[in-house]
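The values are calculated or read from the model by the stated rules, or taken from the named source; none is laboratory data. For clarity, every value in this text was computed on a predicted model and none was experimentally measured. Cβ atoms come from the backbone with ideal geometry, glycine included; neighbour counts cover every protein chain shown.
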Amino acid sequence: MRGPLADRAAVTPDATALIDANRDERWSVADLDSAVGRTAGRLATLGVRPGDRLGSLLPTCPAAVRVIHAAVRLGATLVPLGPRLTPDELAVRIARADVTTLVCDATTEAEAVAAVDAASGDGGANDVPVPVVSVDDADAGRVTALDAHSPESVVPHDWALDSTLLVPFTSGTTGRPKGVRLTLRNVLASAVASVFRLGLRRDETWHVALPLHHVGGLTPVLRMPLYGMTVVLRDSFDAGAVAADLERYDVTATSLVPTTLSRLLDATDGDVSPALRAVLLGGAPATGTLLDRCIERSVPVFPTYGMTETASQIATATPGEAASHPGTVGRSLFWTDLSVRDDGGTERPPGETGELVVSGPTVSPGYLDAEATAAAFDDDGLRTGDVGYREDGLFWVVGRTDDLIVTGGENVAPAEVADALRDHPDVADAAVVGVPDAEWGERVAALVVPRAGTDPTASALDDHCRARLAGYKVPRTIGFGDELPRTASGTVDRAAVRDRLS
Ligand code: ATP
Ligand code: MG
């Protein structure tokens, strides 16, 4: 099966495929298709062949979109890499995914060169660093400028449904980041199942300010020619600029994480933007306060649960379900089988928590690493490592199995306690972990970030939690800080929180 961009160009050549909001530049489908053809042709001239692994170290920009579709045209597996990773972090991923050519731009060139050098190991005679190609001008020393080469003509690759289209890496929240094999089948099934839940408008315009190495940012770019929609790119999440983009480009849909949605609400009043019909909200738990703000402001929020291994969404709630069932991530998508299981793999009854296990056509066939695959995949599907429950056919995600606190034999989901703390008017944010305790095995401990200008006491927070939570869930230790420690990808660094509170 060929990449859909050329077919799209034959159907609606004059439609707008891409808008770069940073420069207010537009590409029609025909223009983008030709530019992708040239990019693919130049990469072919530089030796990129079907089956190669093409690393992409680019910000959220039009060149990154060209490289993504050029990889599809060439038959190369795309390995999208985060431009904020350090050279050493990149080197690990480059080596693990066996990247054969790395694409950068002027902003990522130095990291790209340092990373391929670090990945090439001891520099022995056969240990030649991976070639680095820049989409910008480059000194012809270590880095080759893509545009300096004339394009070869490329016959669009005929992909088998089960060949690996992409290898994105997980965020590394629970351990080493894992390279995930996503096939053409995974990506197509996800595109179809998503649209069955969200619907599709004739004038669909999707705003992307997420990085393009995460499935949340990558999927709209891959779906653009399938849906015939316009993608608007913004290179970083500046809430004021994003709010202006939403109005200016009549954006109908966007994907946000809780922190960016909250900043967008802070930067706007009333109706966020008249054309906006779907805000996919996922990646991390959304607080009750954030969802209440969305409902008050009539923001069409679709709480979503998903992960790299499932090519994005697994379950999505409609705005109506989000309002009637606080905290839900909704129903699983068509064809996706989501279940709640105990350690032995037996399904848990409705209302009872267990590990979320998922199977279906969007689920990756496995990681690059066979051992990691064997540890997470079994006959029931992928053990997500997330804890959740199901009620009325809807799902809730309450935390990760690794984070569950076991105190005196009772299980406590940290997210539930953190939510209760965040409901206090003087609490801006909170993280809850288990710390070792001689009597209880673990005890519940919380790190609290007070709202600016307030000074909540531990005893006030204790009263607040006691009114809302069973006694064994109430934090025994409360610490205060100016901010929560976070990992490179923005998730709370739970190990650092534990160190602060132990
Ligand atoms: P790693 O797998 O390397 O530890 P990661 O799981 O953070 O990293 P991602 O694939 O980027 O990497 O994130 C998916 C995870 O994000 C899910 O497994 C889940 O824990 C969390 N998540 C996603 N959506 C939600 C949601 N709506 N509510 C709660 N958690 C969510
Ligand atoms: Mg994960």
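Kindly indicate which of Ala323, Ala374 is surrounded by fewer than 19 Cβ atoms within 10 Å (Cβ to Cβ), outside any loop (DSSP other than H, G, I, E, B) and either free of Cβ contacts under 8 Å to residues at least 24 places away in the same chain or within 15 Å of ligand 2 (Cβ to nearest atom) (or both).
Matching residue, one of Ala323, Ala374: Ala374.
Within the range 76-101, work out how many residues are part of a loop (DSSP other than H, G, I, E, B) and β-branched (Val, Ile, Thr). Talk me through it step by step, then tell me what you get.
We begin by selecting, within the range 76-101, every residue part of a loop (DSSP other than H, G, I, E, B); these are 76, 81-86, 97-100.
Okay, now just the ones that are also β-branched (Val, Ile, Thr), so 86, 99-100.
Within the range 76-101, residues that are part of a loop (DSSP other than H, G, I, E, B) and β-branched (Val, Ile, Thr) number 3.
Got a sec? Which of Gly283, Gly228, Gly216, Gly240 is touching a helix residue (DSSP H, G or I) at 6+ places or on another chain (Cβ under 9 Å), within 16 Å of ligand 1 (Cβ to nearest atom) and either in contact (Cβ under 8 Å) with a residue 12 or more places away in the chain or within 30 Å of Val387 (Cβ to Cβ) (or both)?
Values: Gly228 fails: within 16 Å of ligand 1 (Cβ to nearest atom); Gly216 fails: touching a helix residue (DSSP H, G or I) at 6+ places or on another chain (Cβ under 9 Å); Gly240 fails: within 16 Å of ligand 1 (Cβ to nearest atom).
Every option except Gly283 fails the conditions.
Kindly check whether there is at least one residue in the range 198-216 that is part of a helix (DSSP H, G or I), assigned by the TED database to the domain that holds Asp269, hydroxyl-bearing (Ser, Thr, Tyr) and away from ligand 2 (no atom under 16 Å from the Cβ).
No: the range 198-216 contains no residue that is part of a helix (DSSP H, G or I), assigned by the TED database to the domain that holds Asp269, hydroxyl-bearing (Ser, Thr, Tyr) and away from ligand 2 (no atom under 16 Å from the Cβ).
Please enumerate the residues belonging to the range 93-108 that are in contact with a helix residue (DSSP H, G or I) (Cβ under 8 Å, 6 or more places away or on another chain) and surrounded by fewer than 24 Cβ atoms within 10 Å (Cβ to Cβ).
Correct list: Ala95, Thr101, Asp105.
Determine which member of the set Asp463, Asp426, Asp455 is touching a Ser or Thr at 6+ places or on another chain (Cβ under 9 Å) and not polar (S, T, N, Q).
Details: Asp463 fails: touching a Ser or Thr at 6+ places or on another chain (Cβ under 9 Å); Asp455 fails: touching a Ser or Thr at 6+ places or on another chain (Cβ under 9 Å).
Only one candidate qualifies: Asp426.
Scan the range 138-161 residue by residue and report those that are among the acidic types (Asp, Glu), surrounded by 12 or more Cβ atoms within 10 Å (Cβ to Cβ) and part of a loop (DSSP other than H, G, I, E, B).
In the first step, residues of the range 138-161 are kept if they are among the acidic types (Asp, Glu); the result is 139, 147, 152, 158.
Then keep just the ones that are surrounded by 12 or more Cβ atoms within 10 Å (Cβ to Cβ); that gives 147, 152.
Selection gives Glu152 alone.
Quick one: would you say Gly282 is within 16 Å of ligand 2 (Cβ to nearest atom), within 17 Å of Leu198 (Cα to Cα), of a type in the set (Gly, Ala, Ser) and not assigned by the TED database to the domain that holds Thr487?
Details: within 16 Å of ligand 2 (Cβ to nearest atom): yes; within 17 Å of Leu198 (Cα to Cα): yes; of a type in the set (Gly, Ala, Ser): yes; not assigned by the TED database to the domain that holds Thr487: yes.
Taking the combined requirement at face value, the residue satisfies it.
Please state which of the following conditions Val251 fails to meet, knowing it meets all the rest: (1) free of Cβ contacts under 8 Å to residues at least 60 places away in the same chain; (2) under 21 Å from the mean Cα position of the chain (by Cα); (3) buried (at least 16 other Cβ atoms within 10 Å of the Cβ); (4) within 26 Å of Arg400 (Cβ to Cβ).
The failed condition is (4).
Does Val449 satisfy being closer than 29 Å to Phe237 by Cα and surrounded by 15 or more Cβ atoms within 10 Å (Cβ to Cβ)?
Working: closer than 29 Å to Phe237 by Cα: yes; surrounded by 15 or more Cβ atoms within 10 Å (Cβ to Cβ): yes.
So Val449 fits the description; yes.
Any residue that is surrounded by fewer than 22 Cβ atoms within 10 Å (Cβ to Cβ) and assigned to a strand (DSSP E or B) - is there at least one of those in the range 469-477?
Taking the range 469-477 first, the residues surrounded by fewer than 22 Cβ atoms within 10 Å (Cβ to Cβ) are 469-474, 476-477.
Cutting the leftovers down to assigned to a strand (DSSP E or B) gives us 477.
Yes: one or more hits.
Taking into account only those residues within the range 296-318 that are within 15 Å of ligand 1 (Cβ to nearest atom) and assigned to a helix (DSSP H, G or I), which is surrounded by the fewest Cβ atoms within 10 Å (Cβ to Cβ)?
Across the range 296-318, the extreme among qualifying residues is Thr308.
Starting from the range 160-174, keep only residues that are in the same structural domain as Glu309 (by the TED database) and at negative phi, then list their pairs with residues that are within 16 Å of ligand 2 (Cβ to nearest atom) and of a type in the set (A, V, I, L, M, F, W, C) whose Cβ atoms are within a distance under 9 Å, requiring at least 6 positions of separation or different chains.
Pairs that qualify, where the first residue is in the same structural domain as Glu309 (by the TED database) and at negative phi and the partner is within 16 Å of ligand 2 (Cβ to nearest atom) and of a type in the set (A, V, I, L, M, F, W, C): there are none.
Only one of these conditions is not met by Thr260: (1) of a type outside the set (A, V, I, L, M); (2) crowded, with 23+ Cβ neighbours inside 10 Å; (3) part of a helix (DSSP H, G or I). Which number is it?
Single failed check for Thr260: (2).
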